[in-house]
Amino acid sequence: MPRFEKAAPAEPDEILSVTGLTKHFPVRSGPLRLRTGSVHAVDGVDFSLAAGRTLGLVGESGCGKTTTGRMVVRLLEPTAGRIAVAGRDVTRARGADLRALRRDLQLVFQDPYASLSPRMTVHDIIAEPLRVQDRYADGRGPRRVAELLDMVRLAPSHARRYAHEFSGGQRQRIGIARALALDPKVLVLDEPVSALDVSIQAQVVNTLRELQRELGVAYLFISHDLSVVRHVSHEIAVMYLGTIVERGTRDEIFRSPAHPYTQALLSAVPRPRPGARDGRERIMLTGDVPSPIDPPSGCRFRTRCWKARDICTTETPALVDRDGVGHPAACHFAEPADVLATV
C-alpha cells in the first residue's frame, strides 16, 4: 500500500489543494560557485481545484505560472508548501509513493514538437505510461491505446506512424492522449495551444472541454492568452512576480477586475473592431518588471502601479475579499472596474 502522509480532510469536490507553494532557485557566482542569492520564482501560492473544473492560471511571461505547474506534478521540488491530491499529502512522496502519484497528476507540455520522441511510434508514446505503471500486459495496452486515440479524434491507423508525420495540432492531441492514459484526476496544461494556429487552437480546446465533460478530470490551465482562458476556465487566478494577486470566477475576473494589474491585462485585450469606440481606456503600465532576485518590499506591483501609496511599500496586501469587490484581490486599494464590457 502507498505510504502517503495523512492530510486534512478535503472538501467533497476538492481534488487538488495547494497551500503556501514556494520555489526559490539559488543564484551562484564566483570561481567557487557560492550561493549569493535566490530567484523568487514562486512565493506562497494558494489555490484549490474541484473535480471536473478548470482553473486558469494567467500572467506575464516569467511570473511563475509554468514553475507552479511543474511543482504540482512534482517535476520540480518545492522549496516550501504543501500539495494534496484527493486528500493525500504528497508533497514529499518518494519512490513507490511518487510513482503511484503519477497516476493522478499528468502534464501536457507547451511544445508539441519537442515533447514527443521522434524515435517512437505513436503507439509506443501513448503506451509508455501504461508500461511504466504495469497496465500494458494481458492485451490491455493495445486496446487502451486505440481507445485513447479515438478519444482525441485520431484514427487507429495513426498508431503505426511517427511524430514527424503529424501536424502540430495532431501532435498535441497525441500528447493529450498520453497524459490521459492512466485516468488522472488532475491534468496540468502548460500553454497547450500557444504553438498552434488559431483555427487549430479552437479544435484542441473544444476537444479538451469534451474530454472534461466525459471524464470529470480537473484542469490547471496555464496560459497568457486571455481569450482562451475565458473560453475554458471556471475560475481564474492572476499571477504577478511569483504571487497570486487576484482570484475569482471567470465572470468576476472579466466583468469586474479589482486589482490594477488584472485591469491592465484586460485593457490590453484586442478590440473586436479595431478603432471602434467602446468606452474602454487602455491602461499603459510604466517601468519594467522588477527582478525576482530582489522583489520590491510590500506590494510587488507597486513600482508599476498608478494607485501606489506609502502603505504599499511597507505592508504586503493580503489576498482577501475587500469591501465592494466580491472576490479576493491582493491590493490595498482594490476596487472593481468595468474594463472589458464589450468583449
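None of the figures in this text is laboratory data; all of them are computed from the coordinates on show. These figures come from a predicted structure and were not determined experimentally. Glycine also receives a Cβ, built like all others from the backbone with ideal geometry; neighbour counts cover every protein chain displayed.
On C-alpha positions alone, give me the angle between the axis of helix 168-180 and the longest principal axis of the chain, in degrees, nearest 10.
80
I'd like to compare 292-302, 185-195, 40-50: which one has the highest average count of other Cβ atoms within 10 Å, and what's the full order after that?
For the peptides 292-302, 185-195, 40-50, the packing ranking is 185-195, 40-50, 292-302.
Tell me, 198, 245, 289 in order of fewest to most beta-carbon neighbours within 10 Å?
In increasing order of surrounding Cβ atoms, one gets 198, 289, 245.
Please determine, in degrees from 0 to 90 and to the nearest 10, the orientation of helix 122-132 with respect to the longest principal axis defined by the Cα atoms of the chain, where the helix direction is its Cα long axis.
Taking the Cα atoms of the chain, the angle to 122-132 is about 90 degrees.
Report, in degrees rounded to the nearest 10, the 0 to 90 angle that the Cα long axis of helix 198-215 makes with the longest principal axis of the chain.
The answer is roughly 70 degrees.
Which length gain, in nm to one decimal place, applies between residue 199 and residue 94 when the Cα-Cα distance is subtracted from 0.36 nm times their residue separation?
Additional length available on full extension: 33.6 nm.
Could you tell me what a quarter of the Cα convex hull surface of the chain works out to, in nm² with one decimal place?
20.9
Under a Cβ-only charge scheme (Lys and Arg +1, Asp and Glu -1), can you give me the dipole magnitude of the chain about the Cα centre, in debye to the nearest 20?
900
Between the stretch 91-118 and the stretch 244-260, how many Å separate their Cα centres?
Cα centres, the stretch 91-118 to the stretch 244-260: 31 Å.
Find the relative contact order for the chain and round it to a whole percent, using C-alpha pairs within less than 8 Å whose residues are 6+ positions apart.
19
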